[in-house]
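Q: I'd like to ask you about the structure that follows.
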Amino acid sequence: MKHIKAGVIGATGYTGAELVRLLSCHPNVSLAAVSSVSYEGQRISDIYPNLYGICDLTLSAAGDVITGCDAVFAALPHGLSEEIAANCKDAVFIDLGADFRIADESVYKTWYGKPFLHPGLHGSAVYSIPELHRSEIRDAGIIANPGCYPTASALGLAPAIEGGLIETEGIIIDSKSGVTGAGRGLTQNTHFPDTNEAFSAYKAGVHRHTPEIEQQLSRLAGTDVKVTFIPHLLPVNRGIESTIYCRLKKGVSYKTTRLAYENAYKNERFVRIMPQEVYANIKNVRMSNYCDISLHTDAHTGMLIICACIDNMVKGAAGQAIQNMNIRFGFDESAGLLAAPPAF
């Protein structure tokens, strides 16, 4: 059985810790090194006691992770991965941050406030939602792992856009995320008393995932697509529910739409089309790499309503990164990711 060594940079953030948890159980991977600026020199299981006896590696510097690993995962804030990728000569670099997600430097600069530090690297970086881009990453040296909101949005809309079933103007993506999506750093709006028993929108129209969503939908449509994207903060730890509103083209029925989705995803291990009149629910994808999609129509307005649910930490981050790694190294695509969602 083929076996590789993997390392995680930024292992003590929520996404990094999720990578460690999942990679520790992967049949084809030895987790060789983990790093953290904040906790260097400590064992990761001292920071996350759930890992006691599972992964007790000592947290080192990022340079130590690059050395001797076949795959390097970077779970870092935007602006920190490019320099590491430039020094990652002998390993496949899988970036869970935003540094390689946006293809157009001017768009990246508008939304992230800085230019590409290493423009040459971006030409070889491949953005991959596996269900939509798997054929492009088999030889990739740098893999840009998608954001959580863009993953749910693209998977939810792909069959409708590619099949020409909907108008691409006026799409509204109304998304809700658990608090882990904000990262491990403390902020007032994610403080427990402010989050518990609360529910509100944030960064409406200005969220940095907007250009990533539009980039992927435009690619699917073959023309520029603009969306109205409104994220909300749910008082739960995990999960994203994206309710997407779009107008069906004249003459397109619910039956035709449903058939298109079933055909598009019939061979996909991690995308489940819910039975008619069953609504996708974040509870049913929690702790898993699944994306559940339910389809609904409003006969009064001619609108298609798509509900797409993922666990933001797994299919929206660490699980999808491992799925990409599996494809890149020729492993079974579902290796290490087959745990069923818990019932409660």
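Q: I'd like the full set of residues that are out of contact with any Gly (no Cβ under 7 Å at 6 or more places or on another chain) and in contact (Cβ under 8 Å) with a residue 60 or more places away in the chain, limited to segment 253-262. Step through it out loud before you land on a result.
A: Here is the first cut: in segment 253-262, the ones out of contact with any Gly (no Cβ under 7 Å at 6 or more places or on another chain) are 253-259, 261-262.
Passing the criteria: Thr256, Thr257, Tyr261.
Q: I'd like the residue in segment 258-280 that is among the aromatic types (Phe, Trp, Tyr) and part of a loop (DSSP other than H, G, I, E, B) and, out of all such residues, is nearest to Ile310 (Cα to Cα). Show your work before the answer.
A: Going through segment 258-280, the residues among the aromatic types (Phe, Trp, Tyr) turn out to be 261, 265, 270, 279.
From what's left, part of a loop (DSSP other than H, G, I, E, B): 270, 279.
Details: Phe270: 10, Tyr279: 13 Å.
For segment 258-280, the residue satisfying everything is Phe270.
Q: Would you call Asn196 more than 26 Å from Thr301 (Cα to Cα) and touching a Ser or Thr at 6+ places or on another chain (Cβ under 8 Å)? Spell out the reasoning first.
A: On the way: more than 26 Å from Thr301 (Cα to Cα): yes; touching a Ser or Thr at 6+ places or on another chain (Cβ under 8 Å): no.
No.
For (1) in contact with a helix residue (DSSP H, G or I) (Cβ under 7 Å, 6 or more places away or on another chain); (2) more than 30 Å from Phe100 (Cα to Cα); (3) not assigned by TED's automatic domain parsing to the domain that holds Val179, each residue gets a yes or a no:
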residue	(1), (2), (3)
Glu241	yes, no, no
Gly251	no, yes, no
Lys255	no, yes, no
Ala264	yes, no, no
Asn267	no, no, no
Val278	no, yes, no
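Condition check ((1) within 21 Å of His296 (Cα to Cα); (2) of a type outside the set (A, V, I, L, M, F, W, C); (3) without any contact (Cβ under 8 Å) to a residue 40 or more places away in the chain) across all residues:
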| residue | (1), (2), (3) |
| --- | --- |
| Gly181 | no, yes, no |
| Asn189 | no, yes, no |
| Ala204 | no, no, yes |
| Thr210 | no, yes, no |
| Arg219 | no, yes, yes |
| Val227 | yes, no, no |
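Q: For Val225, indicate whether it is buried (at least 21 other Cβ atoms within 10 Å of the Cβ), in contact with an Asp or Glu (Cβ under 7 Å, 6 or more places away or on another chain) and of a type in the set (A, V, I, L, M, F, W, C).
A: Details: buried (at least 21 other Cβ atoms within 10 Å of the Cβ): no; in contact with an Asp or Glu (Cβ under 7 Å, 6 or more places away or on another chain): yes; of a type in the set (A, V, I, L, M, F, W, C): yes.
Here the answer is no, as Val225 does not meet what is asked.
Q: Hey, another quick one. Name, by its number, the condition in (1) touching a strand residue (DSSP E or B) at 6+ places or on another chain (Cβ under 7 Å); (2) more than 19 Å from Phe100 (Cα to Cα) that does not hold for Thr151.
A: All conditions are met except number (2).
Q: Next question. Please determine whether any residue of segment 164-174 is in contact with a helix residue (DSSP H, G or I) (Cβ under 7 Å, 6 or more places away or on another chain), hydroxyl-bearing (Ser, Thr, Tyr), at pLDDT 95 or above and in a helix (DSSP H, G or I).
A: no
Q: Something else about it: Look at Val92 and say whether it is assigned by TED's automatic domain parsing to the domain that holds Tyr108, touching a residue at least 12 places away in the same chain (Cβ under 8 Å), in contact with a Ser or Thr (Cβ under 9 Å, 6 or more places away or on another chain) and crowded, with 21+ Cβ neighbours inside 10 Å. Working first, answer last.
A: Values: assigned by TED's automatic domain parsing to the domain that holds Tyr108: yes; touching a residue at least 12 places away in the same chain (Cβ under 8 Å): yes; in contact with a Ser or Thr (Cβ under 9 Å, 6 or more places away or on another chain): no; crowded, with 21+ Cβ neighbours inside 10 Å: yes.
For Val92, the condition - assigned by TED's automatic domain parsing to the domain that holds Tyr108, touching a residue at least 12 places away in the same chain (Cβ under 8 Å), in contact with a Ser or Thr (Cβ under 9 Å, 6 or more places away or on another chain) and crowded, with 21+ Cβ neighbours inside 10 Å - is not met.
Q: Hey, could you check segment 267-282 for residues that are without any contact (Cβ under 8 Å) to a residue 24 or more places away in the chain and of a type outside the set (A, V, I, L, M, F, W, C) and say which is farthest from Ser242 (Cα to Cα)?
A: Asn267
Q: Further, regarding this structure: Looking at Gly53, Gly79, Gly10, which is the one that is at positive phi and surrounded by 16 or more Cβ atoms within 10 Å (Cβ to Cβ)?
A: Working: Gly53 fails: surrounded by 16 or more Cβ atoms within 10 Å (Cβ to Cβ); Gly79 fails: surrounded by 16 or more Cβ atoms within 10 Å (Cβ to Cβ).
Exactly one residue qualifies, and that residue is Gly10.
Q: Working only within segment 95-137, note down all residues that are buried (at least 20 other Cβ atoms within 10 Å of the Cβ) and among the charged types (D, E, K, R).
A: Asp95, Asp99, Arg101, Glu131
Q: Next question, about the same structure. Among Ile166, Ile137, which is closer than 16 Å to Thr243 by Cα and of a type in the set (Val, Ile, Thr)? Can you show your working first?
A: Values: Ile137 fails: closer than 16 Å to Thr243 by Cα.
None of the other options fit; the residue is Ile166.
Q: Collect the residues in segment 24-63 that are in contact (Cβ under 8 Å) with a residue 40 or more places away in the chain and within 25 Å of Phe329 (Cα to Cα), keeping them in residue-number order.
A: Step one: filter segment 24-63 for residues in contact (Cβ under 8 Å) with a residue 40 or more places away in the chain, giving 25-29, 59, 62.
Matches in segment 24-63: Cys25, His26, Pro27, Asn28, Val29, Ala62.
Q: What residue, of Ser242, Ser153, is at pLDDT 95 or above, within 17 Å of Cys291 (Cβ to Cβ) and in a strand (DSSP E or B)? Before the answer, list the steps.
A: Numbers: Ser153 fails: in a strand (DSSP E or B).
One residue alone meets the criteria, Ser242.
The values are calculated or read from the model by the stated rules, or taken from the named source; none is laboratory data. Bear in mind that the values here come from a model prediction, so they are computed numbers and not experimental data. Neighbour counts run over all protein chains shown; Cβ positions are idealised from the backbone, glycine included.
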